[in-house]
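Everything on this sheet refers to the single structure shown next.
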Amino acid sequence: MLKMQHVSKIYRTDLVETHALRDFGVHVREGEFIAVTGPSGSGKTTFLNIAGLLETFDGGSYLLDGEDVGRLNDRRRSRVRNEKIGFIFQGFNLIPDLNVFDNVDVPLRYRGFDAAERRRRIESTLDLVGLGSRSKHIPAQLSGGQQQRVAIARALAGSPRILLADEPTGNLDSLMARQILELIEDINARGTTIVMVTHDPELARRAARSIHIIDGKVSDLEPFDPPAVAIEARASA
Amino acid sequence: MFRYYLRLALLSLKRNPILSTLMVAAIGIGIGVCMTALTVYYLMSADPIPAKSSQLFAVQLDSWDPNQPVSEARPEQAPWQLTYRDAMALRESDIATHETAMYYSARIVVSENEAVPPFLAWVRLADADFFSMFGVPFLYGGPWSSEVDETARPVVVLSKRTNEQVFGGANSVGSDLQLDDQIYRVVGVLEEWNPIPKIYDVNNGPFNDTEDIFLPFSLAELASDRRSEGNTSCWKDEDITSYTGFLNSECVWIQYWAELDSPAQVREYQAFLDNYVREQQRLGRFERPLNNRLTSARDWLDVREVVRDDNRVLVSLAFMFLAVCVLNTVGLLLAKFAGKAPQISLRRALGASRGTTFAQYLVEIGLVGIAGGLLGLGLAFLGLAGVRSFEGEYSKLAHLDPVLVGAAILIALLSSLAAGLYPTWRACRIPPAAHLKTQ
Amino acid sequence: MEIRPILSALLRNRTGAVLIALQIAVTLAVVINAAHIVKQRLDLIGRPTGMDVANIFEVHSFDFAGEFNYRERVRGDLELLRNMPGVRAATVMNQVPLSGGGSSSGYFREPEREGPEVAGNHFTVDEQAVDTLGVSLSAGRNFRLEEIDYMDLDNVDVDSVLVTAAFAERLFPDGDALGSTIYSGGGDPLTIIGIIEHMHGSWVDWEELDQVVLLPVYVEQDFVRYVVRTEPGRRDEVLGIVEQKLSELDRERAVRGVRSMEELAAESYRGDRMMAVLLTAVIFLLIAITALGIVGLASFSVKSRTKQIGTRRAIGASRFDIVRYFLVENWLITTGGVILGSVLAVAFNLWLVRTFELPKLDFIYIPLGILALWILGQLAVLGPARRAASIAPAIATRTV
Ligand SMILES: Nc1ncnc2c1ncn2[C@@H]1O[C@H](COP(=O)(O)OP(=O)(O)OP(=O)(O)O)[C@@H](O)[C@H]1O
Ligand SMILES: [Mg+2]
């Protein structure tokens, strides 16, 4: 599903060069739920940004769904983002001017679905996250957990193949965090591949597999590495 | 998708009402000022007879003082007008398709109707061809016959206004009209006709009204009591003691136009003029170098510098004004888009390409442009009303027509695009990941 | 507070500042040149004319019956006019000064067009013209009644003339004009019997507007132009009834064309007046637009720097420090703008001078303009700056 090999990413500023990722390799298979852990500044967000085609990288290769996405132009990248990838951010990042319905609508507009299809998808994903009755609220009228669920609905509405989440529970209390996690697990159970960055070891343990990033590299000490057979089994399930 | 952008644009404009109002106001005021200046300029320099302006030629002969050119500032020029005797000589030729000599004068109209007190009317004395050459429309009747140009007869063509004043607007063809102490027969009444500028005679107020009355030029010889009221320039010391003396003098006061339909005809007419002047030189006149000019009506307004420098200055200042308004809008848009950066990068993350983002904000800017254009038109109406309040020629030179309205919208769109391109381009360059980290 | 950190903050985020500076530069260039033109036009309109413009009007009589006696006509009309209550003097003239209509010819010191030629704008008048126009003689005497001749249009031939001092100086630089003879072309000699201190002629856009010659003659025509001067403040009263009074005297002619000299002059200066008014409007609108632009951008910068400002307040900046920050920042931007603007203003003026022969810029306008824009900038930014100063320090600890 997602395969990076020898990927490197260097941030250059006037003063310093930061090697955010170096010789970075990872292979996420279809249907997996992977947790990404690591100390602050280790390159987790960078990895996620590159995986989600939000940023380019300097060296190495990246295959997404069998397609080499490293050298696509902006329009193709936008298209891939729109069709295959769903994002969940720590800061929710809802558009404050738009109500819940319209927020979920945003990626669908870019996708070019007709109005009926958009409505169907928005309503069903909002039902899925349990906010079917709140579609006319604006973000400021929602709790943090509700906002994050809208963000998840937005990420899911376009039926992405892979869901990328950067500390989706970082801004929530533990009860809400658990609810969100359950939602994500639920989504994973329906076949969507999930890559989730988290600081919380408990959450990380709940993932099927976890990769640990230190200093821009995947650490060899991957705490949980279930046998590949299990993953295969899960994917085919 | 366009409708979606439109909705987003409206939403975004509503979100920052002050900023949006400022932008629309800046573009609007810029357009208002620009259109006010441009309208006056455009009407001043308009071609009042576009259909024929390349066939009608103003005729100039350099009969001026051998010791100095007619204008020190423009020494290459010949006098703008002709002497009477030269005009009479040119009238003999039949090279031109049509031609007319003419000048500006006045008569007192004495109506039989007691209720209409005698009044002073402005008169153009011209040849019959004048009406067809300049496309003058008739309401009743028509021009006098060309025999009248040879043998003077007391016939008259009235302007619509004069016909209304004297005959209450009725068909007066065939009626008699007293001018001074003479009776004339009305042969035609004109439709409303007001070429701006008054191209056939820019010597005597290029934005003056059309004359009230038209008389045959052949009457000039007899009009010793009612002479030219127009510009008359003399250079020679001549002992003029009678009207005949004046007619034979070197004073220039006649405007002369010829209609020449092909380049060959123009060449032939030019050769005719040159021959005529050479002949006159042998008789001791025309001591200056040969400088006979044929200028098409299209070029005549430029040659005569009908558009005042002041109006050019106003237009240049108005466009600098617009430049300030555009700079202003650029700044406001930059500020606005800077505030929108998180949203833009979010949309990018959700699959909006650079092109889509560009299109979205272009719609918003276009909206500002159109609103600004409309406001600008409103302000231009006000501005032009202000200009009209100066009366005189300005009451004719301050009206919007469809071309100007189109120009206003176009300038508004262009300036809002000019204002919007850079900020939008910058907005599209915002990388999708830049503003998505924890806030 | 130091300028350096503000400047470096500005340079790091320069697009907005550059835009405001550019806007100020163009504004300065336009405002300075426009103000210069306005001043020049107002000066032109306000020039002393030498005449009592406010109390003079004209009225025409024209005979259309064919047979009529010019001398009787003029004698009767003048007598009526001169005896009307409120009338101070009346004369017959071929044209009215400042009206745009008139005649001029070249005058010489020698017969037969020898020697230097000076243009003179001539008017035909009678002995009351000096009093009617309200001009004053600086030397010599006025025409006497018996010096005014009746002549026909093709044979105007007079002996004596009044000329303006400006005309006299041009033709007689040594100051011996009074009593000298001059020639109009090849005609008979004319004796200068008096010098008019100052008087404007027909065409207000003529460079030699103050070179006027008065000829003592009635030109016999069926069209007569009377020029009347009233007692101060009584012009409109007389002007309102004059047409009726003259008509009553003799109904076999038409009396028309009552126009005050003020009105005629206003028409002659119409273009200049319009220029002055439009450019003044441009100046004010431009200043308003620029001020609004500054307010808009400053407000925005306050809004986007809310957290930063809160932090500054939290670590000890006073309200005044915050206001001062914005004032200094604006002053730096404006200064950049006016430096560029001064160059632009001069360049634009050079272009105007070269292309349209407008007068050169008076350099005093530049410092005045700079000062005005400095003040404008400070005033415009004051509102947003005060809003910034009222941001609560607590904002810093709150996550947005
Ligand atoms: N835009 C940028 N410019 C320069 N350096 C950057 C940029 N973004 C990230 N970095 C650097 O790259 C490195 C990796 O950053 P990244 O955001 O991926 O860390 P992270 O693992 O997500 O940390 P955290 O757990 O704190 O979110 C850091 O050293 C960071 O300073
Ligand atoms: Mg991170």
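Worth pointing out:
- Tally of residues being without any contact (Cβ under 8 Å) to a residue 24 or more places away in the chain and more than 19 Å from A:Leu183 (Cβ to Cβ) across segment A:196-214: 0
- Entry remark, segment C:340-366: residues being at pLDDT below 95, in a helix (DSSP H, G or I) and open to solvent by 70 Å² or more (accessible area, probe 1.4 Å) number 3 in total.
- Residues within segment A:27-49 that are open to solvent by less than 10 Å² (accessible area, probe 1.4 Å), over 11 Å from the mean Cα position of the chain (by Cα) and more than 13 Å from ligand 2 (Cβ to nearest atom), tallied: 2
- Against the numbered list (1) of a type in the set (Phe, Trp, Tyr); (2) open to solvent by 10 Å² or more (accessible area, probe 1.4 Å); (3) within 30 Å of C:Leu278 (Cα to Cα), B:Phe321 comes up short only at (2).
- Looking only at segment C:300-326, and only at residues there that are more than 27 Å from B:Val326 (Cβ to Cβ) and of a type in the set (A, V, I, L, M), the one that is nearest to the other protein chains (Cβ to nearest Cβ): C:Ile309
- A search for C-beta distances below 7 Å between a residue of segment B:374-396 that is more than 8 Å from chain C (Cβ to nearest Cβ) and any residue that is part of a helix (DSSP H, G or I) and of a type in the set (Asp, Glu), counting only pairs 6+ apart in sequence or on different chains, returns nothing.
- Residue among B:Leu377, B:Leu322, B:Leu384 that alone is modelled with pLDDT of 90 or more and touching a Cys at 6+ places or on another chain (Cβ under 6 Å): B:Leu322
- Out of B:Gly355, B:Gly331, sole residue that is within 10 Å of another protein chain (Cβ to nearest Cβ) and either open to solvent by 30 Å² or more (accessible area, probe 1.4 Å) or among the acidic types (Asp, Glu) (or both): B:Gly355
- Among the candidates B:Ser63, B:Ser53, the residue that is in a loop (DSSP other than H, G, I, E, B), surrounded by 22 or more Cβ atoms within 10 Å (Cβ to Cβ) and either at negative phi or not polar (S, T, N, Q) (or both) is uniquely B:Ser63.
- Among residues of segment A:98-136, those that are more than 14 Å from every other protein chain (Cβ to nearest Cβ), part of a loop (DSSP other than H, G, I, E, B), over 20 Å from A:Gly170 (Cβ atoms) and of a type in the set (A, V, I, L, M, F, W, C), counted: 1
- Checking C:Asn121 against (1) surrounded by 22 or more Cβ atoms within 10 Å (Cβ to Cβ); (2) within 29 Å of B:Asn67 (Cβ to Cβ); (3) out of contact with any strand residue (DSSP E or B) (no Cβ under 7 Å at 6 or more places or on another chain), the condition it does not meet: (3)
- Some residue of segment B:390-412 being within 16 Å of ligand 2 (Cβ to nearest atom) and either modelled with pLDDT under 85 or assigned by TED's automatic domain parsing to the domain that holds B:Thr36 (or both): no
- Within segment C:279-299, the presence of a residue that is facing chain B (nearest Cβ under 10 Å) and under 30 Å from C:Thr230 (Cβ atoms) is excluded.
- Residue count for segment A:154-171 satisfying the condition of being within 16 Å of ligand 1 (Cβ to nearest atom) and open to solvent by 10 Å² or more (accessible area, probe 1.4 Å): 5.
- For segment B:1-39, taking the residues that are under 30 Å from A:Tyr110 (Cα atoms), open to solvent by less than 30 Å² (accessible area, probe 1.4 Å) and facing another protein chain (nearest Cβ under 8 Å), the one that is nearest to the chain's Cα centre (by Cα) is identified as B:Leu19.
- Residues in segment B:97-129 that are in a strand (DSSP E or B) and of a type in the set (Gly, Ala, Ser): B:Ala101, B:Ser105, B:Ala106, B:Ala121, B:Ala126.
- Residues that are modelled with pLDDT of 90 or more and open to solvent by 30 Å² or more (accessible area, probe 1.4 Å) within segment C:85-108 comprise C:Pro85, C:Arg88, C:Asn94, C:Gln95, C:Ser99, listed in sequence order.
- Given (1) open to solvent by 30 Å² or more (accessible area, probe 1.4 Å); (2) within 12 Å of another protein chain (Cβ to nearest Cβ); (3) of a type in the set (Asp, Glu), index of the condition C:Glu79 fails: (2)
- Residues considered: B:Ala25, B:Ala101, B:Ala78, B:Ala87. Of these, the only one that is closer than 30 Å to B:Phe167 by Cα and at pLDDT 90 or above is B:Ala101.
- Residues in segment C:141-168 that are farther than 26 Å from B:Leu247 by Cβ and buried (at least 17 other Cβ atoms within 10 Å of the Cβ): C:Asn142, C:Phe143, C:Ile148, C:Ser160, C:Val161, C:Leu162, C:Val163, C:Thr164, C:Ala165, C:Ala166, C:Phe167, C:Ala168.
- Qualifying residues in segment B:98-120 (those that are away from every other protein chain (no Cβ under 13 Å) and surrounded by 17 or more Cβ atoms within 10 Å (Cβ to Cβ)) - the one farthest from B:Pro263 (Cα to Cα): B:Tyr103
- Restricting segment A:7-38 to residues that are more than 26 Å from A:Glu185 (Cα to Cα) and of a type in the set (A, V, I, L, M), the residue that is farthest from ligand 1 (Cβ to nearest atom): A:Val7
- Scan segment B:384-416 for residues that are more than 19 Å from the chain's Cα centre (by Cα) and buried (at least 16 other Cβ atoms within 10 Å of the Cβ) and the total you get is 7.
- Tally of residues being at pLDDT 50 or above, under 24 Å from A:Gly41 (Cα atoms), open to solvent by 90 Å² or more (accessible area, probe 1.4 Å) and outside any helix (DSSP H, G or I) across segment A:178-237: 5
- Some residue of segment B:310-319 being farther than 22 Å from B:Ala25 by Cα, modelled with pLDDT under 85 and within 7 Å of another protein chain (Cβ to nearest Cβ): no
- Entirely in segment C:50-152, the strands (runs of 3 or more DSSP E) that have 3 or more residues that are closer than 30 Å to C:Gly175 by Cβ: C:103-108, C:117-125, C:137-140
- For segment B:234-268, residues that are open to solvent by 40 Å² or more (accessible area, probe 1.4 Å), within 27 Å of B:Arg107 (Cα to Cα) and more than 9 Å from every other protein chain (Cβ to nearest Cβ) total 2.
- The condition (being under 24 Å from B:Ser93 (Cβ atoms) and open to solvent by 10 Å² or more (accessible area, probe 1.4 Å)) is satisfied by just one residue among B:Leu139, B:Leu222: B:Leu222.
The values are calculated or read from the model by the stated rules, or taken from the named source; none is laboratory data. Computed from a predicted model, the values in this text were never measured in an experiment. Using ideal geometry, Cβ is built from the backbone for each residue, glycine included, and neighbour counts are taken over all protein chains shown. Note: accessible area is taken over every heavy atom of the protein model, side chains too, but ligands, DNA and RNA are not part of it. Shrake-Rupley method; radii C 1.70, N 1.55, O 1.52, S 1.80 Å.
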